[in-house]
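Everything on this sheet refers to the single structure shown next.
The values are calculated or read from the model by the stated rules, or taken from the named source; none is laboratory data. Model, not experiment: these values are computed from the prediction. Every residue, glycine as well, gets a Cβ built from its backbone with ideal geometry; the counts of neighbours run over all protein chains shown. Remember, those area values only see protein heavy atoms, side chains included, never the ligands or the DNA or RNA. Shrake-Rupley method; radii C 1.70, N 1.55, O 1.52, S 1.80 Å.
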Amino acid sequence: MLHYMKFLRLLSVFALAILCSCKKDSSADADGSSGSEKNPGKLTVGFSQIGAESAWRTAETQSVQDEAKKRGVDLRFSDAQQKQENQIKALRTFLAQGVDAIILAPVVENGWEPVLKEIKRANIPVILVDRGIKVSDESLYTTLIASDFVQEGRLAGEWLAKKLNGKGNIVELQGTPGAAPAIDRKKGFGEAIVKNPGLKIIKSQTGDFTRSKGKEVMEAFLKAEGKNINAVYAHNDDMALGAIQAIEEAGLKSGTDVIVVSIDGVKGAFEAMVAGKLNCTVECNPLLGPAAFDAIEAVKAGRPVPKKTIVKDEVFEQSVAKDVIGSRKY
Ligand code: AHR
């Protein structure tokens with residue numbers, strides 16, 4: 001009897017261990033759309049996504065997943081929780097699975113060469129979506145489909161310079177350090193406001209593209225500068241929405257006492273504009289699924305694809321928000 005009890009206990013420990021290891025392995029296809037076995041009749045694509053840090057990111061994930069479903073693609077999805085090491089791990093898993101193509105939204109610009117070299121050796125095309133990378137050999141990826149982040153920053157800067165009549169103190173909420181949109185949006189904004197000597201960036205810090213961090217950093221800015229702050233420039237809408245919360249909690253009127261401009265054009269930003277709390281958003285289109293799969297199909301059919309496809313973006317001011325909010329797709 002004693003032996004039998006011991007045997008049962010051992011059996012449950014084993015079962016638990018097997019369960020845990022399965023859970024870990026499924027990270028490369030976390031949407032549950034497929035297992036690691038390749039389906040010979042289907043195109044198999046690995047998608048290494050940064051995370052779910054913003055509404056924009058969730059919309060991009062949805063766009064890729066919807067398009068995969070529409071085209072009957074076996075999509076292996078991996079959420080890296082904003083860590084490059086997790087993305088590299090996912091890429092190696094896709095490589096081991098022998099996927100037909102990889103879609104990569106890279107969290108940062110640098111550090112991709114070794115893993116991309118391994119993937120290139122296996123002849124797997126890599127489609128970069130949304131963010132670019134820095135590599136010495138551009139043949140390490142097939143194509144990049146993205147917005148012009150420098151231009152987005154420039155548009156936000158030009159809009160704000162006009163709104164403030166070329167004079168005022170700005171605080172900046174930057175995106176993830178080392179990420180292409182954080183670097184480029186800072187650059188573009190700087191280029192636009194430098195023409196106005198009366199405009200100053202008095203504080204600038206990362207809010208990691210998240211609403212909670214945006215709020216936290218804005219609270220610190222308000223504590224240090226208070227009513228000295230005339231405007232907020234946030235590298236994405238989620239951080240702006242967090243900052244708006246901090247402004248209101250500090251007893252100030254967002255959109256009036258403090259002007260707020262950001263980038264993305266997500267539904268929440270339009271709602272904040274309708275409520276008069278956000279002044280302007282520069283669109284950055286996340287619906288990249290169709291273009292990504294068009295590129296994969298072209299490569300697989302032996303057709304040439306451009307090295308870079310720039311997605312067109314628009315500026316939306318508070319005054320038009322009410323009229324366009326209904327037609328927003330994300
Ligand atoms: O790379 C695009 C940026 O990343 C979006 O502006 C932001 O919301 C996201 O997290």
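Which ones in the range 40-61 are open to solvent by 10 Å² or more (accessible area, probe 1.4 Å), more than 14 Å from the ligand (Cβ to nearest atom) and modelled with pLDDT of 95 or more?
Hit for the range 40-61 is Leu43, nothing else.
Hey, Gln65 hits all of (1) polar (S, T, N, Q); (2) away from the ligand (no atom under 16 Å from the Cβ); (3) under 11 Å from the mean Cα position of the chain (by Cα) but one; which does it fall short on?
All conditions are met except number (3).
Sort out which residues of the range 302-316 are open to solvent by 80 Å² or more (accessible area, probe 1.4 Å) and of a type in the set (Asp, Glu), and write them in order of number.
Glu314
So for the range 234-241 (the condition being open to solvent by less than 10 Å² (accessible area, probe 1.4 Å) and more than 15 Å from the ligand (Cβ to nearest atom)), does at least one residue qualify?
no
Go through the range 114-139 and count every residue that is away from the ligand (no atom under 16 Å from the Cβ) and open to solvent by less than 10 Å² (accessible area, probe 1.4 Å).
Residues in the range 114-139 being away from the ligand (no atom under 16 Å from the Cβ) and open to solvent by less than 10 Å² (accessible area, probe 1.4 Å): 4 in total.
With in contact with a helix residue (DSSP H, G or I) (Cβ under 8 Å, 6 or more places away or on another chain) and open to solvent by less than 40 Å² (accessible area, probe 1.4 Å) as the only criterion, which of Gly111, Gly175 stands out?
Gly175
If you go through the range 259-302, how many residues are within 16 Å of the ligand (Cβ to nearest atom), of a type in the set (A, V, I, L, M, F, W, C) and either under 18 Å from Thr61 (Cβ atoms) or free of Cβ contacts under 8 Å to residues at least 24 places away in the same chain (or both)?
6
If you take the residues of the range 111-148 that are of a type in the set (A, V, I, L, M, F, W, C) and in contact (Cβ under 8 Å) with a residue 40 or more places away in the chain, which of them is farthest from Asp184 (Cα to Cα)?
My answer is Ile127.
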